[in-house]
Structures are given as C-alpha cells and as structure tokens.
Amino acid sequence: MLIRIYSKTVSLLIEKAQAYEPATLPVSGFGIEAQSGTLTMDAIVMNAISVGVGTITAICTAIFIAGAFFIASSAGNDQRKSLGKDLMIGAVMGIAIVVAAKGIINIAYSFLYAP
C-alpha cells in the first residue's frame, strides 16, 4: 500500500516536472522592450543587477567627489587630507569590485544561458 502511494506521488511529480515552463511576465503596455513580449526570470535578474551596479557606481562617484572636496578644502590640515584620500581610494576600490563582480556574473550567465 505504501509503495503504491509512493510510486503514484513520484509519477505525479515527474509529470509536473515535464510540464514545467519557465516563469514569464507579460510586459506589453509597460514600455519595456522584450524579444517575445514576455520578460523571463533571467532577464528580470539581469535587470536588477544592472540597476544595482548603476546605483553603487553613482554612490561611489559621489563619495569620490566628497573625498576630493575634503582634500581641496583641507588647508594644510593633515587629518582632513587623510580622510579625503581614504574616501577617494575606497570609492575607486568599490567601483573596481562592482565592475569585477558584474564581469563574473556576465561570464556565469553566458555559460548558463548560452544558445
């Protein structure tokens, strides 16, 4: 009896797995350009990553400008000059890390979803 229930459950799971279709989101009327009129999950993830990269890049740029302002307005104060230098170095390192991470994600994406 238990074996029959188990085999029936497994056969139902196999049927569900074979009928699986990737999740899509219709995007007509939203101004989003998609190849087939639907937005797949991998496209949604890549769009979210692109937004994150753009946001972090803008924040790092603002921090770099703030560091340059601290250096320019230090007027001989070594502490402000050091703070400005640290901010600028941190901002450049942040942008480098984000660009490297984006490159790694693009490489992994090309291996996973290559045509």
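Below are the figures for this structure:
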| quantity | calculated |
| --- | --- |
| Tally, over the stretch 79-115, of residues that are under 20 Å from SER50 (Cβ atoms), in a helix (DSSP H, G or I) and not small (Gly, Ala, Ser) | 12 |
| Check on ILE14, part of a helix (DSSP H, G or I), modelled with pLDDT of 75 or more and among the aliphatic types (A, V, I, L, M) | no |
| Of all residues in the stretch 59-78 being over 28 Å from the mean Cα position of the chain (by Cα) and hydrophobic (A, V, I, L, M, F, W, C), the one that is surrounded by the most Cβ atoms within 10 Å (Cβ to Cβ) | PHE70 |
| Conditions (1) of a type in the set (D, E, K, R); (2) within 15 Å of the chain's Cα centre (by Cα); (3) modelled with pLDDT of 95 or more: number failed by ASP86 | (2) |
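The values are calculated or read from the model by the stated rules, or taken from the named source; none is laboratory data. These numbers come from a predicted model, not from an experiment. All Cβ positions, glycine included, derive from the backbone under ideal geometry; neighbour counts span all protein chains shown.
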